[in-house]
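A.B. asks: Following this message is one structure expressed as structure tokens.
The values are calculated or read from the model by the stated rules, or taken from the named source; none is laboratory data. Being a predicted model, the structure only gives us computed values, none of them experimental. Here Cβ is always computed from backbone atoms with ideal geometry, including for glycine, and neighbour counts include all displayed protein chains. We work out accessible area using only protein heavy atoms, side chains counted, and drop any ligands, DNA or RNA first. Shrake-Rupley method; radii C 1.70, N 1.55, O 1.52, S 1.80 Å.
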Amino acid sequence: GKTWDLVTPGGQSGAAAMQALPNTGSLVNTGYTSNSPRLDYVAEFTETGTHYVWLRGLGDSDGASVNDSVHVGLNGAAVSTADRISTFNSGYSWSSTTLDSGSRARIEISEPGIHTINVWMREDGLVVDKVVLTTDAALDISSVFGPSGPAESPQVPGTWPQPAFSPMSGTFSSSLTVSISSSSASSVYYTTDGSTPSVSSTLYQNPLPLTGDTQLKAIAVGSGLDDSPVTTGTYTQTACQDIRIMPVGDSITLGKDASGNPPVGHRTGYRRDLFFKLVEAGYNVDFVGAIDEGNLANPVFDSDHEGHAGVTDDFVGANVFQWLVSNPADYVLLHIGSNATDDNAADVAVILDEIDRFSTDIHVVVAKIINRQNFSAQVAAFNNSLETLVADRIATGDILSIVDMESALTYPDDLADNLHPNEIGYAKMSNVWFTDLNSHLPACVSP
């Protein structure tokens, strides 16, 4: 079979180069990830985005044709924009040109961290001396660095980053799903019995449903680096009931912006961050509601809620009683009023009356709503009225608390459009909800 072998044909920039041998005129144009010899270069990327691929090579003639092409991929996968890099000649030369109408070879790095650059043989006999990646589309290697190119990057022994669990640890009453994330260039192996994982352990592929006390351990494994340190998470099943929390509101609770982003199934708003904060703080929580938007998000979380796009506070007042009949809650998180904002909070009073009609034991956390990219005095007036309303009802015995979402965000930086938060804004909302809930949630509700 074909292999990449160390060679010293002369003219290489270092001590040796790599050549696809034996040189018998073979060509692998398709199916090369399985049928062609591969070189791996493990590298840590600090920038995301487009990286242009340059190779210094020597096209070695076998008498029939010039062997002058290779395929480059990422993390073991073919990359159509970086395959069939060609135009090397009988002397060492640099190329970033593919056979696809002479287009530039390039790969896309979607996340910083450790990735593996792969070089597969297309034609045997080609000598590969050096690989360079650059984000500079205009860079010409020879003109800037000379014929040998830039100095080689230092080869630093290292280890793969530890896998991360979500949630990292916690307690639960019936079941809990744990996701494991790691560098896309590594594979993760795990155990659930407290034993030390190895490549003989179970390969992680999908989120793990836990139904009992579990000590989860995992390592990241891959070529070029040592195995990662072991990540450990302890998950304890309790006899306690979950604390039922119903997020209530409009599209801000749903988690989308005016353009409809993120796509359906991935809209989580503040809810996912809040869920994991509560679980990691040791609370048994069950988000409730008839809407399951966010069910395709990764990592997975309890995505039930009652966030209805485009609705006003009077709509919530007309429906919240039935929502609670269908999905009883211990806590309601209420952020409503952003659509057709009033100068006063009279409609919110109706919502609170309807919640009390269902049960006076429900703790409602009422939010002063976020403002606009362009400051709205009407929103500010609504929030002032809301604060007075909540204070008056607390004085008469209602189980309420109020949180200030308006001042928690920076305008316009934390908004995706005039109305909806961006990712940073939603994270800030999550922090505000958590701070309030953490001050009075019971660690365990007895059955």
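A.B. asks: Picking from Ala164, Ala185, which residue would you name as being within 29 Å of the chain's Cα centre (by Cα) and modelled with pLDDT under 90? So that I can check it myself, show each step before the final result.
C.D. replies: On the way: Ala164 fails: modelled with pLDDT under 90.
Answer to the selection: Ala185.
A.B. asks: Another one. Residues Ser174, Ser183, Ser201: which one is open to solvent by 40 Å² or more (accessible area, probe 1.4 Å) and either of a type in the set (Ser, Thr, Tyr) or touching a strand residue (DSSP E or B) at 6+ places or on another chain (Cβ under 8 Å) (or both)? Walk me through how you get there before you give the answer.
C.D. replies: Values: Ser183 fails: open to solvent by 40 Å² or more (accessible area, probe 1.4 Å); Ser201 fails: open to solvent by 40 Å² or more (accessible area, probe 1.4 Å).
Sole residue among the options that is open to solvent by 40 Å² or more (accessible area, probe 1.4 Å) and either of a type in the set (Ser, Thr, Tyr) or touching a strand residue (DSSP E or B) at 6+ places or on another chain (Cβ under 8 Å) (or both): Ser174.
A.B. asks: Please identify the pairs in which a residue from the range 108-120 that is among the hydroxyl-bearing types (Ser, Thr, Tyr) has its Cβ atom under 6 Å from the Cβ atom of a residue that is at pLDDT below 95, counting only partners at least 6 apart or on another chain.
C.D. replies: What qualifies is Thr116/Asp40; Thr116/Val42; Thr116/Asn75; Thr116/Ala185.
A.B. asks: Among what's in the range 251-277 and is more than 15 Å from Pro299 (Cα to Cα) and among the aliphatic types (A, V, I, L, M), pick the residue that is surrounded by the most Cβ atoms within 10 Å (Cβ to Cβ).
C.D. replies: So, considering only residues that are more than 15 Å from Pro299 (Cα to Cα) and among the aliphatic types (A, V, I, L, M), the one surrounded by the most Cβ atoms within 10 Å (Cβ to Cβ) is Ile252.
A.B. asks: Looking only at the range 229-283, filter to residues that are basic (Lys, Arg) and farther than 30 Å from Gly194 by Cβ; which one of those is farthest from the chain's Cα centre (by Cα)?
C.D. replies: The extreme case among them is Arg244.
A.B. asks: Quickly run through the range 193-214 and pick out the residues that are touching a residue at least 12 places away in the same chain (Cβ under 8 Å) and over 24 Å from the mean Cα position of the chain (by Cα).
C.D. replies: Across the range 193-214, the qualifying residues are Asp193, Gly194, Ser195, Thr196, Pro197, Ser198, Val199, Ser201, Thr211, Gly212, Asp213, Thr214.
A.B. asks: Being more than 28 Å from Tyr283 (Cα to Cα), open to solvent by 20 Å² or more (accessible area, probe 1.4 Å) and aliphatic (A, V, I, L, M) is the filter here; which residues of the range 384-442 pass it?
C.D. replies: Matches in the range 384-442: Leu389, Ala395, Ala416, Leu419.
A.B. asks: Identify the single condition in (1) more than 20 Å from Ala427 (Cα to Cα); (2) not in a loop (DSSP other than H, G, I, E, B) that Phe275 does not satisfy, given that it satisfies every other one.
C.D. replies: Of everything listed in (1) more than 20 Å from Ala427 (Cα to Cα); (2) not in a loop (DSSP other than H, G, I, E, B), Phe275 misses just condition (1).
A.B. asks: Out of the range 4-15, which residues are surrounded by 13 or more Cβ atoms within 10 Å (Cβ to Cβ) and either more than 39 Å from the chain's Cα centre (by Cα) or of a type outside the set (Phe, Trp, Tyr) (or both)?
C.D. replies: Asp5, Val7, Pro9, Gly11, Gln12, Ser13, listed by residue number.
A.B. asks: Of everything in the range 128-156 that's in a loop (DSSP other than H, G, I, E, B) and of a type in the set (D, E, K, R), which residue is modelled with the highest pLDDT?
C.D. replies: Residue satisfying both the conditions and the ranking: Asp136.
A.B. asks: Just name the residue that is farthest from Leu419 (Cα to Cα) out of those in the range 220-250 that are open to solvent by 10 Å² or more (accessible area, probe 1.4 Å) and of a type in the set (A, V, I, L, M, F, W, C).
C.D. replies: So the residue we want is Leu225.
A.B. asks: Of all residues in the range 1-42 being of a type in the set (Val, Ile, Thr) and out of contact with any strand residue (DSSP E or B) (no Cβ under 7 Å at 6 or more places or on another chain), which is farthest from His115 (Cα to Cα)?
C.D. replies: Only one residue fits best here, namely Thr24.
A.B. asks: I would also like to ask the following. Let me spell it out: the conditions are (1) farther than 20 Å from Ile370 by Cβ; (2) open to solvent by 20 Å² or more (accessible area, probe 1.4 Å), and Ile355 meets all of them except one. Which number is the exception?
C.D. replies: (2)
A.B. asks: Here's a follow-up. Val311 passes all but one of (1) open to solvent by less than 40 Å² (accessible area, probe 1.4 Å); (2) over 21 Å from Phe275 (Cα atoms); (3) in contact with a Ser or Thr (Cβ under 8 Å, 6 or more places away or on another chain); (4) not acidic (Asp, Glu); which number fails?
C.D. replies: Looking at each condition in turn, Val311 falls short on (3).
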